[in-house]
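Take a look at the structure below.
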Amino acid sequence: MKRRFATILLGSISFVVLSAPVWAASGSIEEVVVTASKRPEEVKAVPMAITVLGQDTLDRLNARSFEDFANNVPGLSLTEADATHPVLILRGINAGGDGSTVGTYLDETPYGSSSALANGVDTAPNLDTFDMQRIEVLRGPQGTLYGASTMGGLLKFVTNAPDPSGFDDAIEATGIDMDHGGTGGSIRGMVNVPLSDDLAVRIVGFDQRTPGYIDDTFRNKKNTNSLDSTGGRASVLYRPTDKLSIRLNVLTQNLDAGGNNAEDVIVVGNKIVPKYGDYIEQRTISEGGATRYYVYNATINWDLDWATLTSATSFDLLHDHQFTDATGVYGADVQGFLHQKKLTQELRLASDPGDGPFDWLAGFYYTHEIGTLHQDIVSVPHGTVYGSLQLDSRYVETAGFTNLTYHFTPSFNVSLGGRYAHNSQAANEFGLASAGGSSSGNVFTWSGAAHWDVSDQTALYARVAKGYRPGGPNALPPIVPPDVPASYGPDSLINYEAGVKSDLLDGALSLDADVFYITWNNIQLLTVVDHFAVSNNGGKAKSQGFEGHADWRATDNLTLSFTGAYTDAKLTSDTDPLLVGGRSGDPLPWSPKWSSTLDGDYNFDPIGEWTPYIGASWHYVGDRHSDFSPGTPTQVVLSSYNAIDARVGVEWNKWTIELYGKNLTDAKGVTSFASSGTSAASGLAATAAIMAPREFGIVLRGKI
């Protein structure tokens with residue numbers, strides 16, 4: 001994990017399920033269609049644990065970022081020092097390395113680095129969810145269909161396609177008031193324009209300012225960690241025949257953070273307390289950051305009668321900049337830049353579902369990724385650059401994959417999948433140090449699943465699958481200790497799970513539950529050697545637990561939902577005690593054993609054209625543990641917390657106006673922690689990033 005508060009700025013280049021338901025008019029649940037298996041399927045037919053957050057759910061929760069909806073996904077943990085660098089963790093699969101364990105997709109585009117050399121762990125796109133058709137979260141490894149770095153699972157943003165059948169529009173405006181902080185607001189809009197019977201364009205735009213709540217008493221600055229998010233999406237759909245469609249997508253989003261969400265703390269025992277007071281830090285400069293997302297995609301679907309051919313061509317860019325107060329380490333500041341560009345091509349051919357007992361899918365995948373990590377040591381106060389270090393990296397992967405499903409009966413089927421992939425990597429470091437290296441590797445991942453429709457209402461499934469994360473070269477420090485490896489190897493895991501998906505009480509009650517057991521070997525770990533970040537392998541771990549979600553339409557007016565997870569994730573062998581510090585039995589970082597969300601909505605009977613409603617959510621996140629660290633204690637306990645959200649509003653015609661409150665308990669959940677800081681102003685105090693405090697807002701949503 002990239003340590004935003006330590007001397008490691010850019011990892012390897014350092015100097016030192018169903019979700020809330022869709023209800024039919026009868027009060028039963030309408031089935032949700034997903035593309036988790038790279039073809040449209042009803043969610044109950046997918047033999048894996050999957051959560052779906054639809055557009056109505058995202059609107060109802062006022063969920064426009066990871067921070068807003070992570071608690072509504074069983075087993076999903078979010079760790080971040082600020083919204084520009086989120087770290088996603090599923091089923092506890094995280095040990096502090098720089099490579100990602102959760103993949104992210106935007107429609108057909110894989111986004112984020114596959115390489116630890118380009119900090120794949122925290123380059124997931126924190127996208128605005130306005131006019132998003134749904135978010136699919138696939139729990140468990142997805143190495144067969146989605147490839148590398150999806151060991152914990154996959155999060156997929158699915159956007160609304162342009163609609164040639166008619167004009168449509170939507171608008172949303174909010175005002176925000178943050179306790180302990182300032183004020184902000186947002187404006188969002190969408191327009192869908194049919195240009196002909198077979199051609200349409202859809203455009204989305206947004207601009208939001210999230211108020212800050214961290215004060216810097218050294219510089220007498222207030223609300224230093226405000227966040228500005230601006231951007232939009234444009235999509236064109238051309239459907240010249242019923243059998244051929246061509247869709248072009250463009251996305252751009254800018255995130256500008258005034259500073260991180262950290263307060264300075266001290267460690268008492270193995271717990272943390274504020275050093276200067278709640279929501280207070282001391283710095284000599286503003287530690288701002290800026291992230292830019294760009295995605296370009298062309299997807300072609302061609303129905304050949306006997307199968308469907310899909311071509312997805314994507315090009316995405318990431319630009320990231322951060323300024324850090326390192327006066328306590330170098331007597332200077334440090335600025336870091338990350339630039340990444342990624343070309344991806346996927347071709348796949350899929351049989352028509354239901355055309356006989358045998359369904360099949362086969363595909364080819366290619367990606368070419370280039371990353372640049374650059375760091376400057378900047379003098380204080382004049383800002384002169386007097387030392388630089390840069391790491392250029394390249395990652396190329398080719399793969400072939402297939403998935404085969406045989407329906408023994410209309411109610412029972414078995415699926416088998418496999419993927420063979422080859423990757424090659426190269427790294428070149430220059431500036432204050434000079435080093436380089438290359439590596440290559442081959443891997444075969446596989447999966448097997450059985451699905452049984454016990455009845456029209458209940459389905460059982462079992463699944464076993466392998467996931468992996470590629471290894472790579474290390475850019476080593478000038479004087480290399482003899483035990484530091486020139487490269488690090490891939491790590492892999494095996495996931496076993498079984499689950500049930502059921503609709504009961506004539507469809508008024510929906511249940512989705514699973515149990516899982518994971519063994520993780522040759523774990524990739526991040527260590528620091530002579531102030532240089534080095535990846536290596538060591539130790540084993542396991543994760544086991546259960547996850548569940550239930551939706552109950554208690555009455556025509558009242559809907560209740562419950563989401564919960566128990567995750568017991570821990571090391572089963574020691575890591576290097578001097579470099580990493582994790583010991584057998586230590587919990588894997590940042591994953592609570594217990595987490596849950598209870599949500600309820602009540603719609604009152606209409607009063608003329610007005611329909612009032614109220615709703616509330618309760619979130620519980622149990623104790624978590626910080627990253628592994630040499631010394632005693634090896635981890636710091638991060639206390640559990642409860643948070644309550646509430647909303648009240650009224651709908652009329654095409655409009656909704658709502659008052660809402662988030663984190664009404666003013667909980668201080670910790671979202672990131674570093675045992676030592678880098679600023680002379682704070683005396684190198686430890687730092688803890690804190691979730692947003694109590695927030696009140698008003699939102700107007702509707703159609704013009």
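So how far apart, in nm, are the two label points at ASP197 and ALA298 if each is 7 Å from Cα heading toward Cβ?
The answer from the label model is 2.7 nm.
So, counting K/R as plus one and D/E as minus one, what does the shell of residues with Cβ under 9 Å around VAL158 add up to?
0
Report, in cubic angstrom per residue, the convex hull volume of the C-alpha atoms of region 31-119.
Convex hull volume per residue, Cα atoms: 121 Å³.
For a quick check of your reading of the filter: which trypsin sites (Lys or Arg not before Pro) in region 39-101 sit in a DSSP loop and have no more than 13 other Cβ atoms within 10 Å?
none
Determine the equivalent ellipsoid of region 396-538 by diagonalising the alpha-carbon gyration tensor, then write out the semi-axes as square roots of 5 times the eigenvalues, largest first, rounded to whole Å.
45, 17, 11
What base-10 log of the normalised intensity I(q)/I(0) is obtained for region 525-620 from the Debye formula, alpha carbons as equal point scatterers, at q = 0.10, 0.13, 0.20, 0.23 Å⁻¹?
-0.52, -0.66, -0.98, -1.10
Against the empirical 2.2 N^0.38 Å scaling, what ratio does the C-alpha Rg of region 173-289 come to?
That works out to 1.63 for region 173-289.
What nm value, rounded to one decimal, do you get for the distance between ASP483 and ASP177 when each label is placed 7 Å out toward the C-beta?
5.8 nm
When the helices in the chain are scored as -39500 (n - 2.57) per DSSP H run of 4 or longer and the sum is shared across all residues, what 222 nm value do you end up with, to the nearest 500 deg cm²/dmol?
Only helices count here, giving -500 deg cm²/dmol.
Based only on Cα atoms, what Rg/Rh ratio does region 99-218 have, Rh being taken as Kirkwood's radius?
When Rh is taken as the Kirkwood radius, the ratio is 1.09.
So what are the three principal axis dimensions of region 554-593 from its Cα atoms, in whole Å, longest to shortest?
Taking max minus min along each principal axis of the Cα atoms, region 554-593 gives 60, 15, 7 Å.
What FRET efficiency comes out for the pair PHE408/ALA616, r = Cβ-Cβ distance, R0 = 45 Å, nearest 0.05?
0.45
Please grab the % of Cα pairs in region 215-345 that end up more than 20 Å from each other.
Roughly 64 percent, rounded to a whole number.
Given points 7 Å out from each Cα along the Cα-Cβ axis, report the VAL250 to VAL515 separation in nanometres with one decimal.
Those two pseudo-labels are separated by 5.3 nm.
For ASN603 and VAL454 in the same chain, what is the full-extension length gain: residue separation times 0.36 nm, less their Cα-Cα distance, in nm?
Fully extending the segment from ASN603 to VAL454 adds 50.2 nm.
Could you pull out every residue, at least 5 positions away or on a different chain, whose amide H is within less than 5 Å of the one on TYR276? Hs are placed 1.01 Å off N in the peptide plane, and Pro or chain starts have none.
ASP264
Using a Cα-Cα cut-off of under 16 Å, which lysines could be cross-linked to LYS44, ignoring same-chain neighbours fewer than 8 residues away?
LYS501
Going down the list LYS222/LYS341; LYS222/LYS668; LYS156/LYS341, which pairs span over 26 Å between their C-alpha atoms?
LYS222/LYS341
I'd like the projected area of region 345-411, averaged over all directions, using the convex hull of its alpha carbons. Report it in nm² with one decimal.
8.5 nm²
State the volume of the convex hull built on the alpha-carbon positions of region 293-412, expressed per residue in Å³ and rounded to an integer.
Cα convex hull per residue, to the nearest whole number: 148 Å³.
Provide Rg and Dmax in Å for region 551-694, with only Cα atoms included in the calculation.
Both quantities, over Cα of region 551-694: 21.5, 71 Å.
Using the Kirkwood formula on the Cα atoms of the chain, what hydrodynamic radius do you get, in angstrom to one decimal?
Evaluated on the chain, it is 25.9 Å.
So, in Å, what gap is there between the alpha-carbon centers of region 208-264 and region 104-149?
Value for the Cα centre distance between the two parts: 16 Å.
Taking only the alpha-carbon positions of region 625-693 and ignoring solvent, what does the Debye formula give for the base-10 log of I(q)/I(0) at q = 0.14, 0.19, 0.24, 0.28 Å⁻¹?
Log-scaled intensity ratios, in q order: -0.63, -0.86, -1.06, -1.17.
Can you work out ³J(HN,Hα) from phi for every residue in region 605-622, in order, using Karplus 6.51 cos²θ - 1.76 cosθ + 1.60 and θ = phi - 60°, giving whole Hz and x for Gly and Pro?
Coupling constants for region 605-622: 5, x, 10, x, 8, 9, 10, x, 8, 9, x, 7, 9, 10, 10, 10, 10, x Hz.
Each reported figure results from applying straightforward, stated rules to the coordinates on display, with no laboratory input. Everything numeric in this text was worked out from a predicted model, so none of it was measured. Virtual Cβ from ideal backbone geometry, glycine too; neighbours counted across all protein chains shown.
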